[in-house]
Amino acid sequence: MHKLIFTLFLLIAQQSIQAQVTLYQTSEGKLLTQRQLDSLRLDLEKKVTPLKMKVQLNTSPLSTRKDTTFLSFSLKAIPANLASATSPKEQWIGKKLPPFTLLNLEGQEVTEAIGHGKVMLINTWFTSCAPCIAEMPELNRIQAQYQNQDIVFVAMAPEKADRIQLFLQKHPYTFTHLQAAQPYIESNFGATYPKSILVGKDGTIQFIEGALVSLDGNDPAVMQQQEKKYVIHSQKLTEAINRELAK
């Protein structure tokens, strides 16, 4: 009987995780799905690209209710050179990784010393983030590619251990997971998820990029515009890893 109850609990929990969604709230209070936001951003990019401008997306958590995460967002068209100058890459490349003390899923403290003398790849994510989930197979592949080499793989999420562990039952993600990391992530690298941050053996940041794969593999228009960029992001990451391991 206890076994049956436990099995039913797991099935309900897995269905809950599968149903998790992210909605984006406009300044007028309207809610958009990920697909609607991608379409809106793509339309704006088509208009501003001939003007040598780029679209900047900023998001910030609002609340989480049951299976839905609500984020506020803004889309701004800014000069391409200004976008480059103010990007996290320009701000952080070559600088020391800020120190951290966070808990892993077993409640043990982990600090930046986990990567001492090694290359470290940090990925920021959360459980209902569609682009975060989409890139996990690619991140797992990259970790497997560098198995037994001097590199550690760390995932930082704003949620606590119980929610992360429940998520991992449905979505395998093989990094070392650190919980309740929102203050560290957003005070240093902003509130846009996901991010991949590569730290060299000397403790300095060598690479920062956003999602490595398409936000919506089922949308041909989005794939046509974005697939090449995200493939390049993944290739750039592995090239950066190779350079740091060779030092």
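The values are calculated or read from the model by the stated rules, or taken from the named source; none is laboratory data. Quick caveat, the model's predicted, so the values are computed rather than measured. FYI the Cβ positions are ideal-geometry reconstructions off the backbone, even for glycines, and counts take in every protein chain you see. Side chains are part of the model used for accessible areas, which takes the heavy atoms of the whole protein and leaves out ligands, DNA and RNA. Shrake-Rupley method; radii C 1.70, N 1.55, O 1.52, S 1.80 Å.
A few notes on this one:
- Distance-filtered residues of region 157-195 - backbone nitrogen under 17 Å, label point 7 angstrom along residue 109 Cα→Cβ: 178-181, 184
- Of 141, 65, the order by accessible heavy-atom surface (1.4 Å probe, DNA, RNA and ligands excluded), from most exposed downward, is 65, 141.
- Each principal axis of the Cα atoms in region 89-164 has its own extent, and those three values, largest first, are 31, 31, 27 angstrom.
- The accessible area of residue 96, taken with all protein chains in place and a 1.4 Å probe, comes to roughly 130 Å².
- Note on residue 52 and residue 162: with the Förster distance fixed at 35 Å, the Cβ-Cβ geometry gives a FRET efficiency of about 0.15.
- For region 130-219: accessible area per residue (Å², 1.4 Å): 38 Å²
- Within region 182-212, backbone nitrogen closer than 20 Å to the virtual label 7 Å beyond the Cα of residue 144 toward Cβ: 212
- Mean Cβ neighbour count within 10 Å, used as a protection proxy, ranking 68-76, 155-163 highest first: 155-163, 68-76
- Residue 173 - accessible surface, heavy atoms, 1.4 Å probe, Å² rounded to 10: 10 Å²
- Taking 0.36 nm per residue of sequence separation and removing the Cα-Cα distance, the residue 101/residue 70 pair yields an extension gain of 8.4 nm.
- Fully extended contour minus Cα-Cα distance, from residue 174 to residue 204, at 0.36 nm per residue: 8.4 nm
- Solvent-accessible area assigned to carbon and sulfur over region 98-176 amounts to 50 percent, based on a 1.4 Å probe.
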